[in-house]
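> One structure, pasted below without further comment.
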């Protein structure tokens, strides 16, 4: 859907909502207007300036029962310097009718859909069947929306279909089982079964996990399992295992290449000492297959020495497969008044990718601020400079005006 047709759809739906009912429809959302300046990597790092508009819109109270609503979100941008012209993306624009016969929720239009087995942006419909017992059901399908650098690149042969079943009505238990399939040019490109669950135990323990099984390759392409323990309200202990086996669309040439499975185990501690100091730290063991591995240690502290000032410091150290890294992140924010805030930060990384090149250094400096003009209007800005092996100076920035309605 092009930018002109998307704009027409927005205007049409807004006019229908405001003229077809005797009661008053409510229109809420946010308009975010941004002026951006950056080096465009796709144009040999030429300086590019853009004017962009992000619009999020919700129209409710359309019908007397308040069951029907319309939601939309999109982006339009105009290049002001390099002749790339007007570009836009419509991320979602759908109508939703809830509690049809007290059992169905129906969405139709462009929307983001997400199941344990997969996710997509699609032009289609999703129907949820509920209030039929402890299990609810989801069915969805439509055209798979594929974005490229300058807009949509898919066509009517890119389609998606999904089925899901999940527990409902259990306060401490979540469980979903689903199936997700994509087609490209009439051929199956993705075919996945997924499961996702979460369980609370003893009021201070959470066990969670998810897995995706790829039917064409007959292998698990993603597995995650973890546990969080809350011995006190100030202390969180997390242990997690994750593995990923990269899978490409079966219609892609890359699907014939051999890849290694990636796996990692993480242990993390988060502790709030008081209302002024919080600390965290942990260890991450990464495995890349064929005996290759890396170790990552990380620690952080957040302090509020005085009420308007917040300072965060993070450090991580990595060693092992494909080089080493020592990195520090420092950022601070200060509330000048209730409506004005300034912030700044600094990133410093020393890394070695190859023993022949030795240590390389990457730095990022940034500063920003925000001013609340009114309860529904704010002006903000940020400027940053990246200095690394590629750039001796790479300055980028943006100024944003947000209007809530």
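The values are calculated or read from the model by the stated rules, or taken from the named source; none is laboratory data. In this text, all values refer to a predicted model and were calculated from it rather than measured experimentally. Neighbour counts run over all protein chains shown; Cβ positions are idealised from the backbone, glycine included.
> Just one of the numbered conditions (1) in the same structural domain as residue 45 (by TED's automatic domain parsing); (2) touching a strand residue (DSSP E or B) at 6+ places or on another chain (Cβ under 9 Å); (3) touching a residue at least 40 places away in the same chain (Cβ under 8 Å); (4) over 19 Å from residue 145 (Cβ atoms) is not true of residue 64; which one?
(2)
> Still on this structure, please answer the following. Please specify each residue of the stretch 301-316 satisfying the condition of being loosely packed, with under 14 Cβ neighbours inside 10 Å and part of a strand (DSSP E or B).
Hit for the stretch 301-316 is 309, nothing else.
> Now for a different question. Just one of (1) touching a strand residue (DSSP E or B) at 6+ places or on another chain (Cβ under 7 Å); (2) loosely packed, with under 15 Cβ neighbours inside 10 Å; (3) farther than 21 Å from residue 196 by Cα trips up residue 236, so point out which.
Going through the list (1) touching a strand residue (DSSP E or B) at 6+ places or on another chain (Cβ under 7 Å); (2) loosely packed, with under 15 Cβ neighbours inside 10 Å; (3) farther than 21 Å from residue 196 by Cα, residue 236 breaks only (2).
> In the stretch 351-385, how many residues are within 28 Å of the chain's Cα centre (by Cα) and in a strand (DSSP E or B)?
Residues in the stretch 351-385 being within 28 Å of the chain's Cα centre (by Cα) and in a strand (DSSP E or B): 21 in total.
> What are the residues in the stretch 76-108 that are touching a helix residue (DSSP H, G or I) at 6+ places or on another chain (Cβ under 9 Å) and either buried (at least 20 other Cβ atoms within 10 Å of the Cβ) or within 23 Å of residue 404 (Cβ to Cβ) (or both), if any?
76, 88, 89, 90, 93, 95 - these are the residues of the stretch 76-108 that are touching a helix residue (DSSP H, G or I) at 6+ places or on another chain (Cβ under 9 Å) and either buried (at least 20 other Cβ atoms within 10 Å of the Cβ) or within 23 Å of residue 404 (Cβ to Cβ) (or both).
> On the basis of being surrounded by 16 or more Cβ atoms within 10 Å (Cβ to Cβ), under 26 Å from the mean Cα position of the chain (by Cα), outside the structural domain of residue 214 (by TED's automatic domain parsing) and closer than 29 Å to residue 220 by Cα, does residue 280 make the cut? Steps first, please.
Values: surrounded by 16 or more Cβ atoms within 10 Å (Cβ to Cβ): yes; under 26 Å from the mean Cα position of the chain (by Cα): yes; outside the structural domain of residue 214 (by TED's automatic domain parsing): yes; closer than 29 Å to residue 220 by Cα: no.
No.
> If residue 132 satisfies every condition in (1) farther than 19 Å from residue 94 by Cβ; (2) surrounded by fewer than 16 Cβ atoms within 10 Å (Cβ to Cβ); (3) within 20 Å of the chain's Cα centre (by Cα) but one, which is the exception?
(3)
> Collect the residues in the stretch 147-184 that are in contact (Cβ under 8 Å) with a residue 40 or more places away in the chain and not in a strand (DSSP E or B), keeping them in residue-number order.
149, 150 - these are the residues of the stretch 147-184 that are in contact (Cβ under 8 Å) with a residue 40 or more places away in the chain and not in a strand (DSSP E or B).
> In the stretch 108-127, is there at least one residue being farther than 17 Å from residue 190 by Cβ, modelled with pLDDT of 95 or more and in a loop (DSSP other than H, G, I, E, B)?
no
> Separate question: If I filter the stretch 17-38 for residues that are under 30 Å from residue 397 (Cβ atoms), within 27 Å of the chain's Cα centre (by Cα) and at pLDDT below 90, do I get at least one hit?
No.
> Just a yes or no: is a residue in the stretch 137-146 without any contact (Cβ under 8 Å) to a residue 40 or more places away in the chain, within 18 Å of residue 166 (Cβ to Cβ) and surrounded by fewer than 16 Cβ atoms within 10 Å (Cβ to Cβ)?
Within the stretch 137-146 (the criterion being without any contact (Cβ under 8 Å) to a residue 40 or more places away in the chain, within 18 Å of residue 166 (Cβ to Cβ) and surrounded by fewer than 16 Cβ atoms within 10 Å (Cβ to Cβ)), the answer is yes, since at least one residue qualifies.
> Here's something else I'd like to know. Give me a count of the residues in the stretch 253-277 that are closer than 30 Å to residue 219 by Cα and out of contact with any strand residue (DSSP E or B) (no Cβ under 6 Å at 6 or more places or on another chain).
Result for the stretch 253-277: 7.
> Touching a residue at least 24 places away in the same chain (Cβ under 8 Å), surrounded by 13 or more Cβ atoms within 10 Å (Cβ to Cβ), closer than 30 Å to residue 25 by Cβ and in contact with a strand residue (DSSP E or B) (Cβ under 9 Å, 6 or more places away or on another chain): which single residue out of 404, 349, 335, 386 fits that description?
One residue alone meets the criteria, 404.
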